[in-house]
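Following: one structure in structure tokens, then a few remarks.
The values are calculated or read from the model by the stated rules, or taken from the named source; none is laboratory data. For clarity, every value in this text was computed on a predicted model and none was experimentally measured. Heads up, the Cβs are rebuilt from the backbone with ideal geometry, glycines too, and the neighbour counts pull from every protein chain shown.
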Amino acid sequence: MSIQKSIDLFARAQKSIPGGVNSPVRAFKSVGGDPIFMQKAKGAYLYDADGNRYIDYIASWGPLILGHAYEPVVKAIQEKALLSTSFGAPTELEIEMAELIISMVPNVDLIRMVSSGTEACMSAVRLARGYTGKNKIIKFEGCYHGHADSFLVKAGSGLATLNIQTVPGVTAGVAADTLTCAYNDLAAVQQLVEKNKGEVAAIIIEPVAGNMGCVLPEPGFLEGIREICDAENIVFIFDEVMTGFRLAKGGAQEKLNVKADLVTYGKVIGAGMPVGAFGGKREIMECIAPLGSVYQAGTLSGNPLAMIAGYTLLNELKSRAEIYTSLENKTKRLKQGIDEVLKSKKIPYTINQLGSMISIFFTEEKVTDFGGAARSNTTLFNTLFHKLLNSGIYLPPSAFESWFLNDALSEQDIEDTINAIDRSL
Ligand code: HOZ
């Protein structure tokens, strides 16, 4: 297959955009080669600038649960755009959106719209600090909560992909307020809290991690943190940018039956449009301006195009609960197929999967934290990535990102993917 147009576009992009991309993982730096430039997508397929078709396992990093260019969403955006692309004033649609989310997600009394997952997490942490009057936060190695200063400590996603340990520009003071420990290490959380008694405002976590590859919480881990937070007046924040409305209509809180105090969402709230949100307990959320003095604002917050896109998607997810079963079944079939292939080839591997999130790690060990993910054979992942790309299958261009399935994938797409993996390795 020719990717000449992508090669030319990348050369051109590097003259006007840093590294030729607007988000680092897209540059293919860790997997090698030139990034593929996309032109359009429909359902389960991406089409690049040369017209090549790819089965998509990213779904725009999660939100396109029903596939690309889903007709009801596109139609709703088109109709809304005729009424204005932005008001900077309240609209009824924002109330409908808040009501819809509150009806779908447990433990959310009030919700505030923002414009990205980064903004949502950054605002939730500020709110937790304002509410508790404490400064420090605990995050987990390999978790990624967007690119606000406080989160760029031992972070996953692009930082893990590009092996960036310390980020110039983040002051030592800010970094010192972010404490970290290994995912799934409850004893380490307890010790950090003890050592910083009365100083920890929040513990923020991806309840199922997707930014170090897919890593699941061990039984009792989230429940244990919940108990610590209750005992120490610490705000427990679930970053559901990836898991929200994907693992279940009520996200990881529903799927894993653990309560968060605050929850953050990202692009899924806008069906892939630029949007995010944070919400949770009334008592905490009432500290936000204009009710309280924890300040947070944005002209594009509650943008009508993002709202109608998200409302249309979420409404459909609410009324068609069977989507989650069908997504999980497809993902389980993919897992089973890959299991058989890798076993028959005697390649050491571990597959982590929950709902429609899945990752392969080329290692014998069980992967429960970033250390385990980092010890896997990423060179083999990179080989697989390129062989699949050449077979028309688009995986995340990093061993440290979860794959996301969408409902438009057919059984044949899954079988084709399994067969391509078989041929590739
Ligand atoms: N950091 C994002 C996924 N975890 C990648 C964003 C993008 O490149 O679009």
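Within the range 254-262, is even one residue within 15 Å of Arg112 (Cα to Cα) and touching a Phe, Trp or Tyr at 6+ places or on another chain (Cβ under 9 Å)? Yes, the range 254-262 contains a residue that is within 15 Å of Arg112 (Cα to Cα) and touching a Phe, Trp or Tyr at 6+ places or on another chain (Cβ under 9 Å). Looking at the range 371-406, which of its residues are assigned to a helix (DSSP H, G or I) and hydroxyl-bearing (Ser, Thr, Tyr)? Listed by number, the residues that qualify are Thr378, Thr379, Thr383. Among residues of the range 214-232 that are at negative phi, those with a Cβ under 8 angstrom from a residue that is surrounded by 16 or more Cβ atoms within 10 Å (Cβ to Cβ) and among the acidic types (Asp, Glu), sequence gap 6+ or separate chain, pair up as Val215/Asp369; Cys229/Asp261. The residue that is farthest from the chain's Cα centre (by Cα), among those in the range 131-169 that are surrounded by 19 or more Cβ atoms within 10 Å (Cβ to Cβ) and among the small types (Gly, Ala, Ser), is Ser150.
Filtering Gly19, Gly62 for residues that are touching a residue at least 40 places away in the same chain (Cβ under 8 Å), within 16 Å of the ligand (Cβ to nearest atom) and touching a helix residue (DSSP H, G or I) at 6+ places or on another chain (Cβ under 8 Å) leaves a single hit, Gly62. Whenever a residue of the range 123-146 is closer than 20 Å to Asp230 by Cβ and in contact (Cβ under 8 Å) with a residue 24 or more places away in the chain, its partners that are buried (at least 24 other Cβ atoms within 10 Å of the Cβ) and hydroxyl-bearing (Ser, Thr, Tyr), lying with C-beta atoms within less than 7 angstrom and at least six residues away or across chains, give the pairs Ala124/Thr264; Phe140/Tyr183.
Taking the range 118-216 and the helices (runs of 4 or more DSSP H) fully enclosed by it, the elements with 2 or more residues that are not small (Gly, Ala, Ser) are at 158-161, 186-195.
Being surrounded by fewer than 16 Cβ atoms within 10 Å (Cβ to Cβ) and either of a type in the set (S, T, N, Q) or more than 16 Å from the ligand (Cβ to nearest atom) (or both) is a property that Gln412 has. Taken over the range 327-381, residues that are more than 24 Å from the chain's Cα centre (by Cα), among the charged types (D, E, K, R) and under 19 Å from Asp407 (Cα atoms) amount to 0. Out of Ala201, Ala188, one residue alone is surrounded by 16 or more Cβ atoms within 10 Å (Cβ to Cβ) and without any contact (Cβ under 8 Å) to a residue 12 or more places away in the chain. It is Ala188. Scanning the range 170-227 for residues that are β-branched (Val, Ile, Thr) and more than 16 Å from the ligand (Cβ to nearest atom) gives Val170, Thr171, Val174, Thr178, Thr180, Val189, Val193, Val200, Ile203, Ile225. Restricting attention to the range 37-54, the residues that are among the aliphatic types (A, V, I, L, M) and farther than 19 Å from Ala271 by Cα add up to 1. Can you name the residue in the range 71-118 that is farther than 18 Å from Gly272 by Cα and among the acidic types (Asp, Glu) and is also surrounded by the fewest Cβ atoms within 10 Å (Cβ to Cβ) among such residues? Among those residues, the one meeting the criterion is Glu92. Checking each residue in the range 152-181 for being touching a strand residue (DSSP E or B) at 6+ places or on another chain (Cβ under 7 Å) and not β-branched (Val, Ile, Thr) picks out Lys154, Gly156, Ser157, Asp177, Leu179, Cys181. Exactly one residue among Leu305, Leu317 is part of a helix (DSSP H, G or I) and either under 20 Å from the mean Cα position of the chain (by Cα) or farther than 30 Å from Val73 by Cα (or both), and that residue is Leu317. For the range 231-239, check the following and say yes or no: at least one residue is outside any loop (DSSP other than H, G, I, E, B) and farther than 15 Å from Lys139 by Cβ. Yes; the residues of the range 231-239 include at least one that is outside any loop (DSSP other than H, G, I, E, B) and farther than 15 Å from Lys139 by Cβ. Looking only at residues in the range 30-48 that are touching a residue at least 12 places away in the same chain (Cβ under 8 Å) and touching a Leu at 6+ places or on another chain (Cβ under 6 Å), the one that is surrounded by the most Cβ atoms within 10 Å (Cβ to Cβ) is Ala44. Condition first: out of contact with any Pro (no Cβ under 8 Å at 6 or more places or on another chain), under 23 Å from Leu380 (Cα atoms), at pLDDT 95 or above and among the basic types (Lys, Arg). Can you find one or more residues in the range 320-332 that meet it? Yes, the range 320-332 has at least one match.
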